[in-house]
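Q: Got a structure for you, written out below as structure tokens; questions coming shortly.
The values are calculated or read from the model by the stated rules, or taken from the named source; none is laboratory data. What you are looking at is a predicted structure, and each value in this text was computed from that prediction instead of being measured. Cβ placement follows ideal geometry from the backbone for every residue including glycine, while neighbour counts extend to all protein chains displayed.
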Amino acid sequence: ASNLDPAQRLALLTAYEAFEMAGFIPDSTPSTQKNRVGVFYGMTSDDYREINSGQDIDTYFIPGGNRAFTPGRINYYFKFSGPSVSVDTACSSSLAAIHVACNSLWRNECDSSVAGGVNILTNPDNHAGLDRGHFLSRTGNCNTFDDGADGYCRADGIGSIVLKRLEDAQADNDPIYGIISGAYTNHSAEAVSITRPHAGAQAFIFDKLLNEND
């Protein structure tokens with residue numbers, strides 16, 4: 001247990017809660033077959049593994065701390081043998097994971113999925129590095145889209161959602177909390193720095209999604 005990343009524990013906990021809220025019962029309908037359920041999670045660092053690397057390395061060091069085992073832990077616990085995907089796109093990892101999950105559903109690679117992201121801050125090195133790079137706010141406020149913005153604020157966080165194709169959710173009389181009409185991702189390749197967003201890339205993605213999914 002001491003080798004198990006808290007991110008894995010919380011991913012499993014919130015996935016369980018999401019399934020309860022969705023009324024999801026494995027193998028109860030055609031769209032809930034265990035071999036057709038995928039798990040997709042965004043996670044951008046191995047904080048817990050890194051801070052434990054100087055401790056005694058035992059049998060559970062890799063499965064307890066490697067990012068790939070965060071979705072894998074959920075697959076293994078519920079015996080879901082569909083896709084198991086860990087996504088790392090830095091700040092957009094959770095939405096990128098949902099993007100991958102949606103495409104897996106649309107391509108009929110799975111019939112149900114649980115997706116989300118997890119960020120548990122247990123290593124001060126990343127925080128120090130972000131501070132040195134002037135990413136973090138000195139005021140404790142993000143001030144998004146404001147001229148006074150001076151960086152962002154970090155925090156622990158996790159979210160999990162259950163996804164199905166709309167027709168399957170309706171057939172199963174599931175509680176539907178929202179509909180994803182489209183998903184897309186791109187990269188700010190033309191930005192002045194690899195760490196900065198690009199207004200043109202952001203505008204393109206919104207324009208594409210709004211025009212293709214109105």
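Q: Looking only at the stretch 13-34, count every residue that is under 17 Å from Asp111 (Cα atoms), touching a strand residue (DSSP E or B) at 6+ places or on another chain (Cβ under 8 Å) and either surrounded by fewer than 17 Cβ atoms within 10 Å (Cβ to Cβ) or of a type in the set (Ser, Thr, Tyr) (or both) and tell me the total.
A: Count: 3.
Q: Here's another thing I want to ask about it. Say we look at the stretch 109-132 and pick out the residues that are under 30 Å from Lys34 (Cα atoms) and among the hydroxyl-bearing types (Ser, Thr, Tyr); which of these is surrounded by the fewest Cβ atoms within 10 Å (Cβ to Cβ)?
A: Among those residues, the one meeting the criterion is Ser113.
Q: Mind checking which residues of the stretch 74-91 are under 17 Å from Ser160 (Cβ atoms) and in a helix (DSSP H, G or I)?
A: Ile74, Asn75, Tyr76, Tyr77, Phe78
Q: Name the single residue that is farthest from Phe135 (Cα to Cα) among those in the stretch 191-214 being under 21 Å from the mean Cα position of the chain (by Cα) and at pLDDT 90 or above.
A: Among those residues, the one meeting the criterion is Leu209.
Q: Restricting the stretch 133-179 to residues that are assigned to a helix (DSSP H, G or I) and of a type in the set (Asp, Glu), which is surrounded by the most Cβ atoms within 10 Å (Cβ to Cβ)?
A: Only one residue fits best here, namely Asp168.
Q: Checking the conditions here, which among Asp47, Asp56 is without any contact (Cβ under 8 Å) to a residue 40 or more places away in the chain and of a type in the set (Asp, Glu)?
A: None of the others qualify; the one that does is Asp56.
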